[in-house]
Amino acid sequence: MSLKFKFIIFFSILVFLVNSGAVYFLNNYLENKFIKETADLFSVLAESSEGIYFSFIEGLKIRTIDWSSDGFIRNSAEKIINSKDESGRKTVQELNFYLREKKIPYDSSVIIIDILDKDGIVISSSKDERLGIDEKEEEKKIGAHRFSEAVVSGFGESFVTSIIYEEDESDEPMIHIVSRIFSTREDDSGNLLPLDAVMLLHFTETERLNDTLTGKFQKEEGALTGQIFFEQYKTGEIYAVNNQKTMITPSRFIEGAVLNLFIDTSPIRTCLEENKEFKGEYLNYQGEKVLGASMCLKRDNAVLIVEAKLEEVLKPIREIRNTIILGGIAIFGLIIIGIILLSNWFLAGLLIIKASIEKIKSGDFSQRIETKSKDEIGYLGTAFNTMLDSVEKSEQELKKSKERTEEMNLDLENKVEERTGELKKLKNDLEKIVESRTTELSEKIAELEKFKELTVGRELKMVELKKEIEKLSKNSPK
């Protein structure tokens with residue numbers, strides 16, 4: 001692996017890690033900052049929606065107080081309370097007619113008007129069939145309204161009950177508002193005398209409340225835009241939940257959710273259980289990850305939620321992230337090109353040295369490195385040239401020495417050849433002498449063999465002669 005390749009790989013990996021780290025850090029930083037700022041924005045929007053909610057409810061309360069201050073209603077209610085005879089029943093019929101024909105037409109959202117006595121019994125109503133119903137009992141059972149507070153309240157006060165559903169009254173969810181009725185007469189201090197009676201208005205305003213929160217109502221009234229929130233976030237939603245964790249305003253995505261959809265998400269638990277407002281990420285009632293904020297409507301025992309899918313909220317930042325990644329890739333490519341060019345410039349001197357070395361390997365010691373730089377590579381080139389001078393000088397001396405050696409070897413070979421000829425001649429002479437000596441020796445050996453045979457024969461004869469003499473000696477007379 002060449003140094004240039006190592007150089008490019010090393011700096012490419014280094015740049016890749018730095019670039020990736022920068023993109024990762026920048027993406028996380030922007031995403032976290034964007035989430036925090038958006039959550040703060042949702043919190044502001046939730047607070048704004050809280051104001052819209054209270055303004056809306058305040059309008060209903062004003063309507064209730066206004067109607068409870070109607071002179072005909074006040075006088076009629078006082079007569080009914082104080083009269084138990086036939087005139088009282090006639091007053092009831094007159095008041096029922098008045099409530100039904102003179103008051104309800106002014107506000108289509110009011111479906112029922114009830115007048116209750118101190119015990120919570122309906123003594124007059126826009127619906128004749130409701131006379132005699134015990135509303136106090138309903139308050140105890142299902143908390144349908146706040147009669148017990150209203151019947152002892154002061155002038156100008158009214159009490160709201162979060163959206164409820166009562167089949168016997170309407171097939172739509174309702175908001176109940178109760179206000180005490182005061183006499184047209186005054187006491188010695190100039191204050192209106194309170195009556196032991198209240199007015200209970202049944203509003204079916206959930207759709208209008210939702211339209212007000214979403215901005216639809218504002219647009220219908222002539223505003224150029226409604227809630228920008230819903231124009232920006234297609235998955236955005238603003239809704240309210242009561243203290244039973246039941247949705248009390250319509251859902252944008254689930255039909256018939258009012259008083260039917262149970263919601264137990266983090267913002268609701270935080271408000272109802274810890275009495276704290278919430279903002280951040282969580283799973284909504286559809287099990288989807290959302291970013292949202294809540295407002296605790298403590299007076300009405302409800303929670304107001306503003307939320308949108310996290311995926312949609314992060315869409316702009318992810319587009320920015322993709323742009324950053326593409327930019328990072330482009331920058332990485334440019335840096336790689338720069339690294340290659342830099343490596344060519346930086347390693348140019350080394351490449352010259354390498355080329356010279358390749359020629360030197362082939363035996364050309366006349367090569368010299370031309371370097372103009374005054375850095376380490378220039379120093380290395382100068383040192384290399386000095387080394388080449390020394391090597392070339394040594395090579396020349398070695399060449400001369402080789403030539404002298406070859407001459408000496410040739411002379412030595414001639415002397416060896418001459419001496420070898422003398423030795424060969426001496427060898428031939430010696431071989432002839434040896435051959436002559438060998439012949440003489442063979443002749444002498446043959447003579448000795450003959451002598452040996454004669455000698456051995458004489459000895460045998462002498463032995464036999466001795467044996468014969470001994471035999472004759474033994475056989476001769478003594």
Worksheet item: Only one residue in S55, S109 is assigned by TED's automatic domain parsing to the domain that holds P250 and not hydrophobic (A, V, I, L, M, F, W, C), so which one is that?
Response: S55
Worksheet entry | Among the residues listed as I248, I329, I305, the single one being under 31 Å from the mean Cα position of the chain (by Cα), surrounded by 15 or more Cβ atoms within 10 Å (Cβ to Cβ) and of a type in the set (A, V, I, L, M, F, W, C) | I305
Practice prompt. Of the conditions (1) closer than 19 Å to T204 by Cα; (2) out of contact with any helix residue (DSSP H, G or I) (no Cβ under 6 Å at 6 or more places or on another chain); (3) at pLDDT below 90; (4) of a type outside the set (S, T, Y), H176 clears all except one; give me its number.
Written response: (3)
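Could you list, in sequence order, all residues of the range 216-257 that are among the hydroxyl-bearing types (S, T, Y) and either modelled with pLDDT under 85 or within 25 Å of R299 (Cβ to Cβ) (or both)? Before the answer, list the steps.
Start the filter on the range 216-257 by keeping residues that are among the hydroxyl-bearing types (S, T, Y), which leaves 225, 233, 235, 239, 246, 249, 251.
T225, Y239, T246, T249, S251, listed by residue number.
Tally the residues that are farther than 18 Å from T249 by Cβ and part of a loop (DSSP other than H, G, I, E, B), restricting the search to the range 157-172. I'd like the intermediate steps shown before the answer.
Kept after step one, since they are farther than 18 Å from T249 by Cβ, are these residues of the range 157-172: 157-159, 167-169.
Then keep just the ones that are part of a loop (DSSP other than H, G, I, E, B); that gives 157, 167-169.
Of the residues in the range 157-172, 4 are farther than 18 Å from T249 by Cβ and part of a loop (DSSP other than H, G, I, E, B).
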Practice prompt. Would you confirm whether any residue within the range 46-68 is more than 26 Å from F229 (Cα to Cα), surrounded by fewer than 19 Cβ atoms within 10 Å (Cβ to Cβ) and polar (S, T, N, Q)?
Written response: no
Worksheet item: Which of the residues that make up the range 173-196 are surrounded by fewer than 16 Cβ atoms within 10 Å (Cβ to Cβ) and part of a loop (DSSP other than H, G, I, E, B)?
Response: D187, D188, S189, G190, N191
Worksheet entry | Exclusive hit being surrounded by fewer than 22 Cβ atoms within 10 Å (Cβ to Cβ), assigned to a strand (DSSP E or B), acidic (D, E) and not assigned by TED's automatic domain parsing to the domain that holds V152, set E273, E281 | E281
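Quick grid of which residues meet (1) under 30 Å from V306 (Cβ atoms); (2) surrounded by 12 or more Cβ atoms within 10 Å (Cβ to Cβ):
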{"position": "V23", "(1), (2)": "no, yes"}
{"position": "Y29", "(1), (2)": "yes, no"}
{"position": "A39", "(1), (2)": "yes, yes"}
{"position": "R74", "(1), (2)": "no, yes"}
{"position": "D114", "(1), (2)": "no, yes"}
Worksheet item: Looking at (1) in a strand (DSSP E or B); (2) closer than 23 Å to P173 by Cα; (3) not hydroxyl-bearing (S, T, Y), which is the one condition that is false for R100?
Response: (1)
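The values are calculated or read from the model by the stated rules, or taken from the named source; none is laboratory data. Remember, predicted model here, so these are calculated numbers, not experimental data. Neighbour counts are summed over all protein chains in view; Cβ atoms, including those assigned to glycine, are modelled from backbone coordinates with ideal geometry.
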